[in-house]
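Undergrad: Once you've had a glance at the structure underneath, I'll fire off some questions.
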Amino acid sequence: MVNEQKKVMMEVKNIKLRFGGVVAIQNVSFDIQEGEIRAIIGPNGAGKSSMLNVINGFYHPQEGEIWFNGEKRPSMEPYEVAKTGIARTFQNIALFKGMTTIENVMTGRQLKMHKNFFWQLLRYGPAIEEEVQHRKRCEEIIDFLEINNIRKTPVGSLPYGLQKRVELARALAMEPELLLLDEPMAGMNVEEKQDMSRFIVDVNEEFGTTIALIEHDMGVVMDLADRVVVLNYGELLADGTPKEVQADQAVIDAYLGVPH
Amino acid sequence: MDFLTYLLTGIFLTPFAEMIEMPDLFFQALWDGFVSGTLYGLIALGFVLIFKASGVFNFAQPILVVLAALALISFYKMGIPAWLSVVCVLIMFYALAWLIERLILRKLVNTDGNILFMSTVALSFIIIGAAQWIFGGRPSSMIHKELGFPTGSLEWPMFGGGVYFEMLDISAAVVAVLLILTLGLFFSRTKIGRGLRAVADDPQAALSVGISLNQIWVIVWFVAGVVALVTGIFWGARSDVSFALQIIGFKALPVLIIGGFTSVPGAIVGGLMIGLGEKIFEIYWGPLLGSGVEGWFAYVIALGFLLFKPQGLFGDKIIERV
Amino acid sequence: MYFRETGQFKSKYKEELAAFPIFEDKIGIAIAAIIAFILIPLFGLPGLSYEFTISAVMIPVVIFTITTLGLNILLGFAGQISLGTAAFMGVGAYSCYKIMTIFPDLNALICVVLSGVVTAFVGTIFGLPSLRIKGFYLMVATLAAQFFLEWAFIRIPWLYNYNISGAIEVPYKEMFGIVLTGAKSEPLTRYFVCLAFLVVLTWLASNVIRGRIGRSWMMIRDMDIAAELIGVRPLTAKLSAFAFSSFYIGISGALMVFFWLGAAEVESFDINHSFTYLFMVIIGGLGSITGSYFGAILVWVVPVILKEYGKSVFGIDAFIMENFTTILLGVVMLTILIVEPHGLARIWQIAKQKLRLWPFPY
C-alpha cells in the first residue's frame with residue numbers, strides 16, 4: 001500500500017457530539033489522506049451524517065479537534081468552512097429548486113466571484129467578464145457530468161438521479177480540495193449507480209479531488225473506496241482497507257447481528 | 001446631563017413611586033390589563049386551534065371578529081331578539097365555514113403554509129369588502145345590554161381610593177375563561193379533538209385511518225367563528241363596533257409568539273402577559289415616550305422573544321436538520 | 001404574440017447573458033416603452049379624462065411598480081417576508097421631507113435617492129431579526145416595524161417639522177427651470193420623473209439579480225442551509241436583500257408623497273397598504289421583474305378604472321364600487337393562489353411556452 005507516503009489532508013480527533021442527552025458521536029478519530037476516496041459506512045443512526053455535519057461546521061462538537069491541511073481548525077460556521085475548500089452534497093437533495101441546472105451549478109462559483117456591488121449594479125465591464133469566465137467553467141463541468149441537455153431545465157422537474165448529478169456538479173463547481181458525498185447513490189437503480197460511480201472515480205482521478213463518501217451499498221463501497229471507516233452507535237468500529245474491514249468480526253456482528 | 005437625569009428618573013424612579021403612592025390606580029391598571037389579557041388570550045386561542053388543526057395561519061381571524069360583531073348588531077336591528085341573533089350569527093358562521101372549506105381549503109390541500117396563509121389574507125379582503133357593503137362602514141354600539149350582560153360597576157374601596165370593576169369586564173373575563181376551558185376540554189378529550197390533532201400532524205395519515213378532513217376543517221373554522229363572536233361582543237362593548245376592531249386581532253400575533261404557535265396554555269399566558277404588560281407600560285412609562293405606546297408594545301416584546309427564545313414559552317423546540 | 005426563437009443562435013456567453021436574449025422580447029419592450037413614454041402622455045387612455053389618466057392612473061401605477069419591485073426583491077428573490085412595506089415607504093417620505101428641509105438647495109431628485117438610502121438603513125435594522133427567524137415569525141417581527149414606525153410618524157413631531165396638521169407639506173422645487181414638485185407642477189412632468197426612476201431602477205434590479213449577489217439571495221430563499229454550506233454568509237445575503245429592497249421602497253415612498261399625493265399623513269402608510277403591496281407582488285408573480293409590473297398594473301389600474309367607469313357609465317355609488325373592488329381583489333388573489341401560485345408572470349410564461357410550440361404541441 002502506498003498510503004504511508006501520502007499526506008494527511010484532514011484529521012478528526014476524539015470528536016464527541018451530543019444533542020441534549022443523546023450522544024450522536026462518541027470519541028471518533030480518523031483521517032482522510034490527500035487524493036484518496038474515503039468511505040464512511042455504518043448502520044442507520046450510526047452518526048455518519050452527523051460526522052459530515054461536524055466536518056462542514058454545521059454542528060459544533062462538544063469535544064475534539066479537527067485538523068485540516070496540517071492546521072488545527074478553530075470553530076467555524078459553515079460558510080467559513082466552504083471557503084477553506086470543502087464542498088458537499090446532501091442525502092436528501094438540497095438543490096435550489098427555483099433555479100435551472102446551469103444556475104444551480106453557477107451558485108457553486110459564488111465564492112470565486114468577487115466583483116463588488118457597484119459593478120453588479122451596472123453588470124458591465126469586470127462584472128460581466130467575471131460572469132462569462134465562470135460560466136465557461138460551469139459549462140465544462142456540465143459537459144464532464146453529461147448533463148448538457150438539461151442545462152436550462154428547472155431542477156425541480158428533473159428525475160431523482162439527474163438531480164443528484166446536478167448536485168454533484170454544483171459541488172464540483174466549487175473546485176473543492178475535499179468533497180463530501182452524503183449517500184450519492186441512495187435510491188438509484190443499478191445503471192444510475194454505475195454512472196455515478198464512474199463520475200466519482202473520474203472526479204477523483206482527473207481533478208485529483210479528495211473524496212469522503214457515505215454509502216450503504218457495500219458493493220459500491222468495496223469497489224470505490226481506498227479506505228473505509230465503520231461507525232456504529234456513534235462509535236468507531238473499524239478503520240482500514242475494504243478487505244480488512246470486510247473481514248473484521250466486529251463489523252460483521254454489527255451488520256448481521258450477534259447470536260444471543 | 002439634565003436630560004439624562006430626567007430620563008433615568010422617568011424610567012427607574014417615577015413609575016415605581018407612583019405605583020406605591022397610588023396603589024388603587026395600580027390595581028385598576030392590573031385589572032384592566034387582566035381583562036384585555038383574557039380577550040387577547042381568547043383570540044390567540046382561535047389562531048392556535050386553526051393552526052394546530054390545519055397548519056393554516058389564519059389571518060382572517062381579526063376580520064372575523066369584526067364580522068361577528070357587525071352581523072350580530074344587524075340581526076338585532078332587523079328585529080330579531082338578542083339571543084336569537086346570536087344563534088343567527090352562529091348559523092351564519094357555520095355556513096361560512098362550510099363555504100370556506102368547499103371553495104378554498106379543499107382546493108388548496110397539500111400546498112405549503114405560505115400559500116394557505118396568503119389565501120386567508122385574500123379571504124379577509126373579501127370579508128372586508130362584503131361586510132362593508134352589507135353592514136355599512138359606520139361604527140355602531142354593541143347590544144350587550146340586550147343580551148342580558150350586567151352593566152354598571154362594583155367599587156372596591158382600598159388604600160383610600162377605590163378600584164372599579166366594570167360588571168361587563170367581569171362577565172367578559174368569566175365567559176372568556178369558560179370558553180377557554182371548554183375548548184381545551186373539547187380538543188383534548190373528545191373524538192373530534194383527537195381527529196383534529198391527527199389531521200394537524202399528518203393529513204394523509206389521518207385520512208387513511210378514516211378521519212374526514214373536510215368535516216374537521218368545517219368544525220375548526222366554525223369554532224374560530226365562535227371565538228370571534230365572543231371576542232367581538234366583549235371588545236365591541238368596551239369600544240365601538242367598527243373595522244378598527246381588527247387591531248385587537250393583530251394583537252394576537254405577538255401573543256402567539258410569546259406563547260408558542262402550538263400551545264393552548266401558551267396562548268392564555270401570552271395573552272395575559274401582553275394585556276398586563278401593555279397597560280402598565282402605557283400608564284407608567286408611556287408619558288415618557290409621548291403615549292400611545294400600546295400600539296407597538298406587544299410587538300416589541302414579541303421581537304425580544306423572537307430574538308432570544310424563538311419557540312416561545314411553551315412552543316415545540318425548533319430543530320433544524322440537514 | 002406569434003413568434004419563434006428558433007434560429008437565434010448565440011456564439012458567445014456574453015450574448016446569452018444579455019437582459020433580453022431573444023429578439024422578439026426586445027420588440028415587446030420597445031412597444032411597451034413607446035406606449036408609456038409617448039402614446040399615453042400624448043393621448044391618455046381611452047374613455048378616461050386625460051388629467052385623470054395621468055394623475056390617478058399612471059403616476060401611482062409607476063410608483064407602485066417601484067414598490068412592488070422592492071418588495072419582490074425581498075420576498076420573491078430573497079424569500080424574506082415583510083409586512084412593513086407601507087411603513088418603509090413612510091420612512092422614505094418622511095426622510096425625504098427632512099432632507100429637503102435641512103438642505104433646501106439640494107436637487108429634488110437627489111433628495112429622493114438619499115431618502116432611499118436612509119430607508120435602506122432603517123430597513124436593514126428591522127431586517128436583523130431575519131438572521132434568527134423565518135416565515136411567520138419574521139412576519140410578526142416586520143409587523144413590529146410597521147406598528148412602531150406608524151407610531152413614530154405621529155409621535156415624533158420633528159419628522160413633520162412640527163406642522164399643526166401633522167402632515168407633510170410638499171415644498172416647491174425646480175430643476176432646469178421646470179417645476180418638479182409642489183402645487184404648481186405639471187402632472188406630466190411628475191409622471192416622467194417617476195417613469196425615469198422606474199426605468200433606471202428596473203434596469204439596476206435586473207442586473208443585480210442575475211449576478212453574484214442576486215444568486216446569493218435566491219440560494220438563501222430556496223435552501224438556506226445548502227447556501228450556507230456553499231459559502232454564502234446568511235448575514236450578508238439577508239441584510240443586503242433588506243437594504244436593497246428598502247432602498248426601492250423608500251424611493252417609491254418619497255415619490256408617492258412628493259410626486260403624486262402632494263401631502264401625506266400616517267394613513268397613507270398603514271398596514272392595509274402593506275397588504276395591498278403584498279398582493280401586487282403575489283398576483284404579479286414572486287421572483288419575477290415582469291411580474292412586478294403585471295401586479296402593480298392589475299391591482300391598481302383595474303380597480304381605479306372600474307370605479308371610474310362604474311361612476312360615469314353606470315352611475316354606481318363610489319362606496320359600493322369601493323367594496324366591490326376590494327372583494328374582487330380578494331377573489332382574484334384566491335383564484336391565482338389556487339390556479340397558479342407563481343402568479344401572472346408564470347401564467348404568461350406558460351402561455352408563451354404553448355405559443356412557441358403551437359400548432360404542434362408534441
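Undergrad: Quick one: in the stretch C:329-340, which of the residues that are in contact (Cβ under 8 Å) with a residue 24 or more places away in the chain and over 15 Å from B:Ala131 (Cβ atoms) is surrounded by the fewest Cβ atoms within 10 Å (Cβ to Cβ)?
TA: Looking at residues that are in contact (Cβ under 8 Å) with a residue 24 or more places away in the chain and over 15 Å from B:Ala131 (Cβ atoms), I get C:Val332.
Undergrad: I want to confirm something. Restricting to the stretch C:303-328 and keeping residues that are away from chain B (no Cβ under 14 Å) and in contact (Cβ under 8 Å) with a residue 24 or more places away in the chain, which single residue is nearest to the chain's Cα centre (by Cα)?
TA: This residue is C:Val304.
Undergrad: Could you check, for the stretch C:275-286, whether at least one of its residues is under 17 Å from C:Val91 (Cβ atoms) and in contact with a helix residue (DSSP H, G or I) (Cβ under 6 Å, 6 or more places away or on another chain)?
TA: Scanning the stretch C:275-286 turns up at least one residue that is under 17 Å from C:Val91 (Cβ atoms) and in contact with a helix residue (DSSP H, G or I) (Cβ under 6 Å, 6 or more places away or on another chain).
Condition check ((1) charged (D, E, K, R); (2) more than 20 Å from C:Ser55 (Cβ to Cβ); (3) touching a residue at least 40 places away in the same chain (Cβ under 8 Å)) across all residues:
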{"position": "C:Ser115", "(1), (2), (3)": "no, yes, yes"}
{"position": "C:Phe126", "(1), (2), (3)": "no, yes, yes"}
{"position": "C:Ser130", "(1), (2), (3)": "no, yes, yes"}
{"position": "C:Gly135", "(1), (2), (3)": "no, yes, yes"}
{"position": "C:Leu143", "(1), (2), (3)": "no, yes, yes"}
{"position": "C:Gln146", "(1), (2), (3)": "no, yes, yes"}
{"position": "C:Arg155", "(1), (2), (3)": "yes, yes, no"}
{"position": "C:Ile164", "(1), (2), (3)": "no, yes, no"}
{"position": "C:Val179", "(1), (2), (3)": "no, no, no"}
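Undergrad: Quick check, is A:Lys83 within 11 Å of chain C (Cβ to nearest Cβ), under 23 Å from A:Ile32 (Cβ atoms) and not β-branched (Val, Ile, Thr)?
TA: yes
Undergrad: Now, a different point. Out of C:Lys311, C:Lys307, which single residue is within 20 Å of C:Ile59 (Cα to Cα), part of a helix (DSSP H, G or I) and not small (Gly, Ala, Ser)?
TA: C:Lys307
Undergrad: Checking the conditions here, which among C:Ile282, C:Ile297, C:Ile316 is out of contact with any Ser or Thr (no Cβ under 7 Å at 6 or more places or on another chain) and either at pLDDT below 80 or surrounded by fewer than 18 Cβ atoms within 10 Å (Cβ to Cβ) (or both)?
TA: After ruling out the rest, the residue left standing is C:Ile316.
Undergrad: Kindly list the number of the only condition in (1) closer than 30 Å to B:Gln204 by Cα; (2) over 20 Å from the mean Cα position of the chain (by Cα); (3) aliphatic (A, V, I, L, M) that fails for B:Met78.
TA: Here B:Met78 meets the rest and fails (1).
Undergrad: Can you report the number of residues in the stretch C:124-145 which are out of contact with any Lys or Arg (no Cβ under 9 Å at 6 or more places or on another chain) and more than 10 Å from chain B (Cβ to nearest Cβ)?
TA: Residues meeting the conditions: 2.
Undergrad: Turning to a different aspect of this structure: Looking only at residues in the stretch B:268-290 that are among the aliphatic types (A, V, I, L, M) and within 14 Å of another protein chain (Cβ to nearest Cβ), which one is nearest to B:Ala176 (Cα to Cα)?
TA: Checking each candidate, the answer is B:Ile274.
Undergrad: Right, another one. Can you pull out every residue in the stretch C:249-288 that is more than 23 Å from C:Tyr191 (Cα to Cα) and away from chain B (no Cβ under 14 Å)?
TA: Residue satisfying the conditions is C:Ser288 alone.
Undergrad: Using the structure shown, decide if C:Ile54 is touching a Pro at 6+ places or on another chain (Cβ under 8 Å) and surrounded by fewer than 24 Cβ atoms within 10 Å (Cβ to Cβ).
TA: When the stated conditions are applied, C:Ile54 passes them.
Undergrad: Does C:Ser206 count as surrounded by fewer than 20 Cβ atoms within 10 Å (Cβ to Cβ), of a type in the set (Ser, Thr, Tyr) and within 14 Å of chain A (Cβ to nearest Cβ)?
TA: yes
Undergrad: Go through C:Phe148, C:Phe121, C:Phe52 for me and flag whichever is within 14 Å of another protein chain (Cβ to nearest Cβ), of a type in the set (Phe, Trp, Tyr) and part of a helix (DSSP H, G or I).
TA: C:Phe148
Undergrad: Need the failing condition index for B:Leu253 against (1) among the aliphatic types (A, V, I, L, M); (2) under 16 Å from the mean Cα position of the chain (by Cα); (3) surrounded by fewer than 20 Cβ atoms within 10 Å (Cβ to Cβ), just the number.
TA: Result: B:Leu253 passes all but (3).
Undergrad: Is it the case, given these coordinates, that B:Thr182 is touching a residue at least 24 places away in the same chain (Cβ under 8 Å), assigned to a helix (DSSP H, G or I), of a type in the set (Ser, Thr, Tyr) and farther than 30 Å from B:Leu25 by Cβ?
TA: no
Undergrad: Where residues in the stretch B:128-157 are buried (at least 19 other Cβ atoms within 10 Å of the Cβ) and under 30 Å from C:Gly135 (Cβ atoms), which of them is nearest to the other protein chains (Cβ to nearest Cβ)?
TA: Filtering the stretch B:128-157 for residues that are buried (at least 19 other Cβ atoms within 10 Å of the Cβ) and under 30 Å from C:Gly135 (Cβ atoms), the one nearest to the other protein chains (Cβ to nearest Cβ) comes out as B:Gly129.
Undergrad: Still on this structure, I have one more. (1) more than 30 Å from A:Ala250 (Cα to Cα); (2) outside any strand (DSSP E or B): which one isn't true of A:Leu52, the others all being true?
TA: (1)
Undergrad: Where residues in the stretch A:19-32 are out of contact with any helix residue (DSSP H, G or I) (no Cβ under 6 Å at 6 or more places or on another chain) and more than 14 Å from every other protein chain (Cβ to nearest Cβ), which of them is nearest to A:Asp182 (Cα to Cα)?
TA: Filtering the stretch A:19-32 for residues that are out of contact with any helix residue (DSSP H, G or I) (no Cβ under 6 Å at 6 or more places or on another chain) and more than 14 Å from every other protein chain (Cβ to nearest Cβ), the one nearest to A:Asp182 (Cα to Cα) comes out as A:Ile32.
Undergrad: Now for a separate question. Select, from C:Leu42, C:Leu109, C:Leu75, the only residue that is within 14 Å of another protein chain (Cβ to nearest Cβ) and not in a loop (DSSP other than H, G, I, E, B).
TA: Testing whether each residue is within 14 Å of another protein chain (Cβ to nearest Cβ) and not in a loop (DSSP other than H, G, I, E, B) leaves just C:Leu75.
Undergrad: Another question, then. Do you know which residues across the stretch A:115-155 are within 8 Å of chain C (Cβ to nearest Cβ) and either small (Gly, Ala, Ser) or under 23 Å from A:Ile86 (Cβ atoms) (or both)?
TA: Residue satisfying the conditions is A:Ala127 alone.
Undergrad: Looking at (1) within 14 Å of another protein chain (Cβ to nearest Cβ); (2) of a type outside the set (Phe, Trp, Tyr); (3) without any contact (Cβ under 8 Å) to a residue 12 or more places away in the chain; (4) under 17 Å from A:Glu235 (Cα atoms), which is the one condition that is false for A:Lys48?
TA: (3)
Undergrad: Out of the stretch B:103-113, which residues are without any contact (Cβ under 8 Å) to a residue 40 or more places away in the chain and either away from chain C (no Cβ under 13 Å) or assigned to a helix (DSSP H, G or I) (or both)?
TA: B:Leu103, B:Lys107, B:Leu108
Quick grid of which residues meet (1) farther than 15 Å from A:Ile214 by Cβ; (2) surrounded by 15 or more Cβ atoms within 10 Å (Cβ to Cβ):
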{"position": "A:Asn53", "(1), (2)": "no, yes"}
{"position": "A:Phe58", "(1), (2)": "no, yes"}
{"position": "A:Glu71", "(1), (2)": "yes, no"}
{"position": "A:Met76", "(1), (2)": "yes, yes"}
{"position": "A:Asn92", "(1), (2)": "no, no"}
{"position": "A:Phe96", "(1), (2)": "yes, yes"}
{"position": "A:Thr100", "(1), (2)": "yes, yes"}
{"position": "A:Met106", "(1), (2)": "yes, yes"}
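The values are calculated or read from the model by the stated rules, or taken from the named source; none is laboratory data. On a predicted model such as this, the values are computed, not experimentally measured, just so you know. Methodologically, a virtual Cβ is constructed for each residue, glycine included, from the backbone with ideal geometry; neighbour enumeration extends over all protein chains shown.
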